[in-house]
Amino acid sequence: MILEGSVRLPFRYAAGTTASTFLEALRDEGRLLGSRCPACGTVLCPPRLDCRCGERATELVEVGPAGTLVSWTELPGRGAYGLVRPDGADTAFVHRLLDAPESLRGGMRVHARFAEERSGGIADLAGFEVAS
Amino acid sequence: MRADPGTATPALSVVHEMRLTWRYASGTAMERFLAGLAERRIEALRCGGCGRRYLPPRPFCGRCRLRLSDWVPVRDEGTLDAWTVVHLPIVDARTGEPRPVPYGMGLIRLDGADTTLNHYLAEADPDRLAIGLRVRAVWREELRGALDDILHFEVVP
Amino acid sequence: MRRVAVVGTGQTRHAKAREDVSQPELVREAARAALEDAGIGPAEIDAVVLSNMELFEGRALPELWAGEGAFAAGKPCLKVATGGTSGTSACIAGFHLAASGLFDVVLVAGFEKHSEGHTQTGMALTDPFWDRAVASGAVGNFALSISQLQAERGITEEQAALVAVKARRNAARNPHAHLQMAELTVDEVLDSRMLAHPVRMLDMCPQSDGACAIVVASDEPARRLCPRPAWVRAAVTRHEQPYLGDVDRRLLTMRTLRDAARAAYDAAGIREPLRELDVAEIYEPVTYAELAWYEALGLCEEGEAGRLIEDGVTAMDGELPVNPSGGVLSTNPVGASGVIRVAEAALQIHGRGGERQVEGASTALATGYGVYAWSDVVVLQAEAA
Amino acid sequence: MSVAVAGVGESGPALDDPRSIPEIVLEAVEEALQEARLGFDSVDAVVTASVDLLDGLTASNIAVTEVVGAVLKPETRIAADGLVAAIHGSCLVRAGAYETVLVVAHGKASLGPYWELTSWALDPIFLQPLGLDFLACAGLQARALAEDDAAAEQRWARIAAERRRAAAAHGVAPACTAEDVLASPAVASPLRRESCAPLADGATAIVLRAAGPAEPGVHLGGVGFDLSPHALGERELTEWDGLRRAWARALAVHGTRPTLDVAEPSCVFAYEEDLFRHALELDPGTEVSPGGGLFAGFVPVAAGLSRLAAVVRALRGPGGLRAGVAHGTWGPAGQGQAVAILEAA
């Protein structure tokens, strides 16, 4: 026999100080921040306390809001996602794409659009749209 | 601008509520056991190697590493093997609700089984509970073929 | 097994909630400390073993996100999880990787952030046909088993309270410990809130956020990296039948711990553990368990555990100090707790125990425990075999 | 000293297997032991692979401890692809800790909403809130490849059709043509329904034994595994860098580069075969997934171990094949990679 078993469980994940600083700048100032590693110079976005090279990357710098679309996908009923490298950052990150998928292609310029109402999460960035 | 852990700024957090449903398969042994409960019948599987009569019934004796197929009847009455009175309730994952406290819990060795069943006790007074007490199942009126068809166990006077 | 040793240890500040760091950042804190202790950089790590209980934080495959904290990006990394033994089993997996000849230096990191989940989430998804409708929870499960320990061994609430006092007072000398209570008394333990008869609040371990890491090395690098390596003389794991009501899943008998300890002592050539061990870091999630483990570990005859704690045999100045760190009773980030046991045992052999150092410790025991079903026993020694 | 694969056993892949996890696992374990001509008592240690959230069980190895014969024995439970469990098992033997090790992995995709569950493996701060899962990540990776390669989608459709045809007799999905693949609906563009391996239930068990290097049978030679950075944007998305590193380690352990007669990659999506071939610099003469690979049924967690079993069967077969490679992967867009060289002695 098959039994359907459900759970409803709440979880609350700490963003940590570095990601919080990023999310606060996003919420309060509509700015994108990256972290620059003092050792290797890499700028990571979203910022991280610890760089890939093992050093602490505590210096925060502004990146974007314009950037380059690296890749994208569309899921039926769920919209489009893109991998976007903000200007001034060495890494790209995934977010929503706000334009029709037909208009998308890799390498195109995109621009961050910030949500009207912001609450301190990654969704405060509504997504990226094709730069006009 | 710098970000250091341990600084005074309260950090942000992200909330996710897990709402998931799994389709669990009982396996044939458990299916027969649960069907039995719906008729107020308890059965265990007996190992041909060590002779242990297993509750819950399972396909395989982990001690003897043998498949099991020998069903034996078990009574709905037995001996209290361990007990406690709970004041800090567990939250039922199915409902998200805690059980009202205090409540008794026991490990019950049903007559005819060699392993024990963990279940609720009607009695919640520590002074009236002891290992070795005889207890019996109090069944739900409308049986559904699940372990909570037994509401709890009461001390046999 | 080929020679391997623990050559470095590191842990975070453990607390009720570490909201200042994300999971990978928490792991990084411990990993960085372990590397500094071993005097190596991330590039010298050949493989990473992670320990974490997925459902406490609701994560599937937690190494994917948190592994980078342990410098795992671009390296071999695997995750081990078996409840309370997750950490000790991860250490043992790390020993085996280093002994395999495939990896010279292995970083083992355990972590848990209980504050990110619901109090009971880790226990919520038990067998849906058997346990879930009548779950007794972690505290309830202990309480049931303790009723047998009291009935058959005469263990008293006062003796259990002595364990709580020893643990929290020891913890006061451990800068990493979560609960530090230098002045705790037996009366305070006995007056604390009843959770499940006879288990009181101060009988139980806390739920902590924290991480711990160790650096494991094979023979040659171990000698190079550490002036006094903690050599692994025995590393034994035993698993049990799955249900709470199965025959030997009881504090009283705890067959897996008895079997594992016997096998470990054989491997390490230990005949009289109480005399030959210099220090023990055992996984005691509840005060009564420590007393049951004294018997299972062969530190005393059956029925003598209460006397051991009353006589101070396992106190810091006793014949065999048990849990100078304050133990699980003082710090319990589950996925890290087993790693902490091994790290603290190694720390004693390294002679880097600070205020909690047992003078001249050269043979140390570490154990892991999970829901009566799993036991791990590790013996570390200053002398290689 | 060498590590021999003394027996393999498999249950499934099956669609919506009505049996419980222990029942499915027991079938695979008994078959593997039988093939190895060993009883449970000859097994010194067990390595299991399972993932709690996929099974809907806390410490989900509890469900299988009895049927894998781990009661009162050492068991290591690895939460990753089953090939990593096999690699760990081989380390137990190489370390001289145990002579005979049973490795078991199970997965039951019918238990829960697999792709939805994978969202719980993604960064909860930056990725999970966007509704991403492993399927979306695969779409991003496939697009990055297709962007510079106009022929990619046609090629993937041909690969998918070929694998499905090879798997039709023993798999869970019917054969179809490349045209059918291209006509099937997009699930995460450019990925289409029929270019993805069908989810299934099953278990795989293998017995590893310490053996002399020349002892007849199939030997588990060089092994390697790797974890890439979690964020897609911190990887070279059009490569499986992690597999390249894992493969370099496997070759270093192996000592020589063997001529591979057969390769069994864990490709859930047809595009991944390109990445696999590229990372291993696979010779065109190597036969890839002769039985259809995961297109016969993708059993999460067990997939990599089932690939190992497939290579062992191929090397034991009448074709006189000498060496093969098994591959496993887990995580978003191939974040975790594992690879093992198998050789007939």
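Tell me whether the protein assembly as shown comes out rounded, prolate or oblate; compute the Cα gyration tensor, take square roots of the eigenvalues as a ≥ b ≥ c, and use a/c under 1.5 as the rounded threshold. Rounded.
Helix B:28-37 sits at what angle to the longest principal axis of chain B, using alpha carbons and giving 0 to 90 degrees rounded to 10? The angle comes out near 80 degrees. Compute the long axis of helix D:241-254 from its Cα atoms, compare it with the longest principal axis of the Cα atoms of chain D, and write down the angle in degrees, 0 to 90, nearest 10. Long axis of D:241-254 versus the principal axis of chain D: about 30 degrees.
The lysine pair tally for the protein assembly as shown, using Cα distances under 26 Å and a gap of 8 or more places or different chains, is 9.
Only DSSP H runs of four or more residues enter the estimate; each adds -39500 (n - 2.57), and after division by the residues of the protein assembly as shown the mean residue ellipticity at 222 nm equals -8000 deg cm²/dmol.
Per-residue shielding of C:198-205, expressed as the average number of other chain Cβ atoms within 10 Å of the residue Cβ, stands at 1. Please work out the C-alpha center-to-center distance from the range C:347-368 to the range D:82-155 and express it in whole Å. Their Cα centres are 40 Å away from one another. Of the beta bridges in chain D, as assigned by DSSP with both residues counted there, near 75 percent are antiparallel.
Per-peptide packing, taken as the mean over residues of other Cβ atoms within 10 Å, places C:76-82, D:102-108, D:239-245 in the sequence D:102-108, C:76-82, D:239-245 from highest down. A DSSP coil position with no more than 15 other Cβ atoms inside 10 Å describes the following trypsin sites (Lys or Arg not before Pro) in the range C:249-295: C:Arg271.
For chain C, a Gaussian network of Cα nodes joined below 10 Å ranks C:Met254, C:Met123, C:Met181 by mean-square fluctuation, and the top entry is C:Met123.
Converting phi to 3J(HN,Hα) with the Karplus coefficients 6.51, -1.76 and 1.60 and the offset θ = phi - 60°, the range D:330-338 yields 8, x, x, 6, x, 4, x, 9, 9 Hz in sequence order, with x at every glycine or proline.
Taking each residue of D:144-152 in turn, how many C-beta atoms of other protein chains fall within 10 Å of its C-beta, and what is the average?
Mean shielding count: 2.
Taking chain D as a Gaussian network of alpha-carbon nodes connected by springs under 10 Å, the highest mean-square fluctuation of the residues D:Gln141, D:Gln128, D:Gln34 belongs to D:Gln128. Looking at chain C as a GNM with Cα springs under 10 Å, which of C:Asp246, C:Asp20, C:Asp209 has the largest mean-square fluctuation? Sorting by GNM fluctuation, first place goes to C:Asp20. Seen against the Cα atoms of chain D and their longest principal axis, helix D:152-167 is set at about 40 degrees.
Per residue of peptide A:76-82, the mean number of Cβ atoms on other chains within 10 Å of the residue Cβ is 4.
Ordering C:300-307, A:100-107 by mean Cβ neighbour count within 10 Å, with the highest value first, yields C:300-307, A:100-107. Per-peptide packing, taken as the mean over residues of other Cβ atoms within 10 Å, places B:64-75, D:216-227, C:190-201 in the sequence D:216-227, C:190-201, B:64-75 from highest down.
Values in this text are rule-based calculations from the coordinates and carry no lab data. This is a predicted model, so every value here is computed, not measured. Heads up, the Cβs are rebuilt from the backbone with ideal geometry, glycines too, and the neighbour counts pull from every protein chain shown.
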